[in-house]
Amino acid sequence: MSVQEVLQAALVEALAGIEVTRMFDAPPVRAARPYALVEEAWLTDWGTKDMAGREGRFAVTLFDAGERPVRLRALAGAAEAAIEAMPRGLGQGWAVASLVLLRSRISREGDGRWQSVSEFRVRMLRSEL
């Protein structure tokens, strides 16, 4: 399993408790709101002499409908808390060294449609098996 797959699976598992209709790993053609989108992380090398490592940037986007983004604010807070509480051991020897929320924003998409984007930086190291 690649480090991308390991990270993606950990993120989806961490977000399993938030109350959305469905979680996607690519923009859906159709979906009932509220739903979540966890796209692939951008990963770069962050290794040491004796350990493989990756630094990644990823975003969790939540989509909702309504006159005001009241429910979306609560969902975004729950998603950020769930990501920050994610277990440090990811599997396949990969472990989170640091995880930081970089920024978040709620914005209007159109008439009665809202989105929340929370961007994170993760640094991971892989111990030898």
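The values are calculated or read from the model by the stated rules, or taken from the named source; none is laboratory data. All of these numbers come straight from a predicted model, not from anything done at the bench. Here the Cβ is made from the backbone with ideal geometry for all residues, glycine too, and neighbour counts use every protein chain on show. Protein only, heavy atoms only, side chains kept; ligands, DNA and RNA dropped before computing areas. Shrake-Rupley method; radii C 1.70, N 1.55, O 1.52, S 1.80 Å.
Label sites at residue 104 and residue 68, each approximated as a point 7 angstrom past Cα along Cα to Cβ, lie 1.9 nm apart.
Based on protein heavy atoms only, region 66-129 ends up with 58 Å² per residue of surface accessible to a 1.4 Å probe.
For region 116-123, the Karplus equation 6.51 cos²θ - 1.76 cosθ + 1.60, evaluated at θ = phi - 60°, returns couplings of 10, 10, 10, 9, 10, 10, 10, 10 Hz by residue, with Gly and Pro reported as x. Near the amide H of residue 90, within less than 5 Å, lie the amide hydrogens of 95, 96, all on another chain or at least 5 residues away, with H placed in the peptide plane.
Stretched out straight at 0.36 nm per residue, the stretch from residue 29 to residue 49 would grow longer than its current Cα-Cα span by 2.8 nm. Figure note: 124, 1, 51 ranked by solvent-accessible area, largest first, 1.4 Å probe, ligands and nucleic acids not counted: 1, 51, 124.
Beyond 16 Å, how much of the Cα-Cα pair distribution for region 1-55 remains, as a whole percent? Every Cα pair in region 1-55 considered, those over 16 Å come to 52 percent. All other residues whose Cβ lies under 9 angstrom from that of residue 122 are scored, Lys and Arg at +1 and Asp and Glu at -1, for a net of +3. Taken over the alpha carbons of region 68-129 as equal point scatterers, the Debye sum produces base-10 log I(q)/I(0) values at 0.19, 0.21, 0.25, 0.27 Å⁻¹ of -0.75, -0.83, -1.00, -1.09.
Per residue, the chain reaches -6500 deg cm²/dmol at 222 nm when only DSSP H runs of four or more residues are counted, each adding -39500 (n - 2.57).
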